[in-house]
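First the structure, in the form of structure tokens, and then the observations on it.
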Amino acid sequence: MRELVRRIDAATPPDRDRAVDALRALAILGVVLGHWLVTALIADTGTVRAASPLQHMPELIPVSWLFQTLAVFFLVGGQVATKSYASARARGTTYGQWLGARTLRLFRPVAAVLVVWTVIAGTLLASGVGTETVHALLKLVLSPLWFLLVFAALTAVTPLVSRLHPLWPLAVVLHVDLIRFGLGGPAWLGWINVAAGWLVPYCLGATWARGGLQSRATGWALLLVGSLATAGLVLWAGYPASMVGVPGSRISNLDPPTLAAVAFGLAQCGAARLVLGPLRRVLRRPAAWAAVALVNLSAMTIFLWHQTAMMAVTAVGLLAGEALPGLHTVPRDSGWVFARLAWLPVFAVALLVCWAAFRKYEEGRPRREKGRIVLENRPTRTSMMRRAL
């Protein structure tokens, strides 16, 4: 392990901003832990259905503030894509080549998930499992894919939006919510915010790539303004306090994104800017950087298979013949919370099994060319790290 850590550290380019990778890793792990904590599969009356502890224990709503980290992912995505496109232009790479390489790395692991779950769903239906159960399972697996579709769309328009001021998409979100909630407009207008809402942190990331967001004052401004705006919208404008959807709620802050979710995302972006310095200091330690690097190398695999890992543990638990606390029981009290925390390491082991089986679809097939490892037909910074592994 010590030798692996040394190799990863030695293979990292000296100009690589390790804190950016750390933010991406934290964002992915936040989503994974958030789903594991606020999603329960209940087995009763011969079916399996999804439930949320937030529905029965509103005091747990602050958990959604900690683990709903998508804005940070879009912030980093905008920064990385903008810099990547500028670098590609400088090398003479065409827009089509650049976009093709990025989308291939994004959707190749998705194809593996779709194939596997097509087989699983067909097998379950053929064996007599009810359509309600299959639908609940597929929804848990496939619903996170909306995020990838939005991310791919924003990546595709990077050349157009890389200089767009974040206030423009923020104004779109404001007007859409005003029409929807204030003037009784049609609900379908909210889907405009799926693009506009996540375009706000994405454009902030592009600004960061161009040299903006460098001062701590900017970070503090985003954190304070975003936090105050979120609090005001929740306290006086009727927005829910949870930053994730809660079954039975009239409004979801995430499906589609609301002005409250976007304001909260601004606060998260400000906090991300403020922790860059401490992260850079921590990541000078080779062991800390190795952990971040390993998560980033398999970020898509972790994101795509974490729900499958949880469901696999839940299914195996059914073999016990009775409902196991924190796994199959209704999440309505603190006992469920403590039991679920005890299941998290088991979910992590199951995810490790999924990672071992499917990480190759994210990494692709590296080939050697003139003494270098080349991934996806071109040398990459991470290919150096993969050679170290």
* Asked: Quick one: THR230 ticks every box in (1) among the β-branched types (Val, Ile, Thr); (2) open to solvent by 30 Å² or more (accessible area, probe 1.4 Å); (3) within 28 Å of VAL63 (Cβ to Cβ) bar one, so which box is it?
  -> (2)
* **Exclusive hit being out of contact with any strand residue (DSSP E or B) (no Cβ under 7 Å at 6 or more places or on another chain) and farther than 24 Å from THR155 by Cα, set ILE8, ILE28, ILE42** => ILE8
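From ASP15, ASP9, ASP21, grab the single residue that is within 16 Å of ARG285 (Cβ to Cβ), outside any strand (DSSP E or B) and modelled with pLDDT under 90. Walk me through how you get there before you give the answer.
Values: ASP15 fails: within 16 Å of ARG285 (Cβ to Cβ); ASP21 fails: modelled with pLDDT under 90.
When all the criteria are applied, what remains is ASP9.
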* Within the stretch 90-113, count every residue that is without any contact (Cβ under 8 Å) to a residue 60 or more places away in the chain and closer than 17 Å to ALA152 by Cα. => 8
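Kindly provide the set of residues from the stretch 313-359 that are of a type in the set (Gly, Ala, Ser), in a helix (DSSP H, G or I) and under 24 Å from GLU59 (Cα atoms), ordered by number. Give the steps one after another, and end with the answer.
First, pick out the residues of the stretch 313-359 that are of a type in the set (Gly, Ala, Ser): 315, 317, 320-321, 323, 326, 334-335, 339, 342, 348, 350, 356-357.
Adding the requirement that they be in a helix (DSSP H, G or I) leaves 315, 317, 320, 334-335, 339, 342, 348, 350, 356-357.
Across the stretch 313-359, the qualifying residues are SER334, GLY335, ALA339, ALA342.
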* To do: Output the residue which, of all residues in the stretch 143-177 that are β-branched (Val, Ile, Thr) and open to solvent by 40 Å² or more (accessible area, probe 1.4 Å), is nearest to ALA263 (Cα to Cα).
  => VAL172
* **GLY238, sole failed condition from (1) of a type outside the set (S, T, N, Q); (2) in a helix (DSSP H, G or I); (3) in contact (Cβ under 8 Å) with a residue 24 or more places away in the chain; (4) surrounded by fewer than 18 Cβ atoms within 10 Å (Cβ to Cβ)** => (2)
* To do: Name every residue in the stretch 253-291 that is buried (at least 19 other Cβ atoms within 10 Å of the Cβ) and either part of a loop (DSSP other than H, G, I, E, B) or of a type outside the set (A, V, I, L, M, F, W, C) (or both), in order of residue number.
  => ASN253, PRO256, PRO257, THR258, GLY265, GLN268, GLY270, ARG273, LEU283
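This table checks each residue for (1) at pLDDT 95 or above; (2) open to solvent by 50 Å² or more (accessible area, probe 1.4 Å); (3) of a type outside the set (Asp, Glu).
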{"site": "ALA315", "(1), (2), (3)": "no, yes, yes"}
{"site": "GLY321", "(1), (2), (3)": "no, yes, yes"}
{"site": "LEU324", "(1), (2), (3)": "no, no, yes"}
{"site": "LEU327", "(1), (2), (3)": "no, no, yes"}
{"site": "ARG332", "(1), (2), (3)": "no, yes, yes"}
{"site": "VAL346", "(1), (2), (3)": "yes, yes, yes"}
{"site": "GLY371", "(1), (2), (3)": "no, yes, yes"}
{"site": "GLU376", "(1), (2), (3)": "no, no, no"}
* Asked: Which one of these is under 20 Å from the mean Cα position of the chain (by Cα) and either within 20 Å of LEU137 (Cα to Cα) or among the polar types (S, T, N, Q) (or both): ALA348, ALA312?
  -> ALA348
* Structure fact -> Checked VAL337, VAL295 against criteria (open to solvent by 10 Å² or more (accessible area, probe 1.4 Å), in contact (Cβ under 8 Å) with a residue 12 or more places away in the chain and closer than 21 Å to ALA51 by Cβ); the one match is VAL337
* Which condition breaks for LYS83 when tested against (1) modelled with pLDDT of 90 or more; (2) touching a helix residue (DSSP H, G or I) at 6+ places or on another chain (Cβ under 8 Å); (3) open to solvent by less than 70 Å² (accessible area, probe 1.4 Å)? -> (3)
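Condition first: in a loop (DSSP other than H, G, I, E, B), open to solvent by 60 Å² or more (accessible area, probe 1.4 Å) and of a type outside the set (A, V, I, L, M, F, W, C). Can you find one or more residues in the stretch 180-199 that meet it?
Yes, some residue in the stretch 180-199 is in a loop (DSSP other than H, G, I, E, B), open to solvent by 60 Å² or more (accessible area, probe 1.4 Å) and of a type outside the set (A, V, I, L, M, F, W, C).
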* Can you tell me which residue in the stretch 292-312 is nearest to ALA357 (Cα to Cα), limited to those that are hydroxyl-bearing (Ser, Thr, Tyr) and assigned to a helix (DSSP H, G or I)? -> THR301
* Structure fact -> Pairs returned, first residue in the stretch 209-228 that is under 26 Å from ARG16 (Cβ atoms), second residue that is part of a loop (DSSP other than H, G, I, E, B) and among the hydrophobic types (A, V, I, L, M, F, W, C), beta-carbon separation under 8 angstrom, 6 or more apart or interchain, are GLY219/LEU213
* Please tell me if LEU29 is in a helix (DSSP H, G or I), surrounded by fewer than 18 Cβ atoms within 10 Å (Cβ to Cβ) and in contact (Cβ under 8 Å) with a residue 12 or more places away in the chain. => yes
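The values are calculated or read from the model by the stated rules, or taken from the named source; none is laboratory data. Being a predicted model, the structure only gives us computed values, none of them experimental. Note that each Cβ is placed from the backbone with ideal geometry, even for glycine, and that neighbours are counted across all protein chains shown. Accessible surface areas use protein heavy atoms only, side chains included; no ligands, DNA or RNA. Shrake-Rupley method; radii C 1.70, N 1.55, O 1.52, S 1.80 Å.
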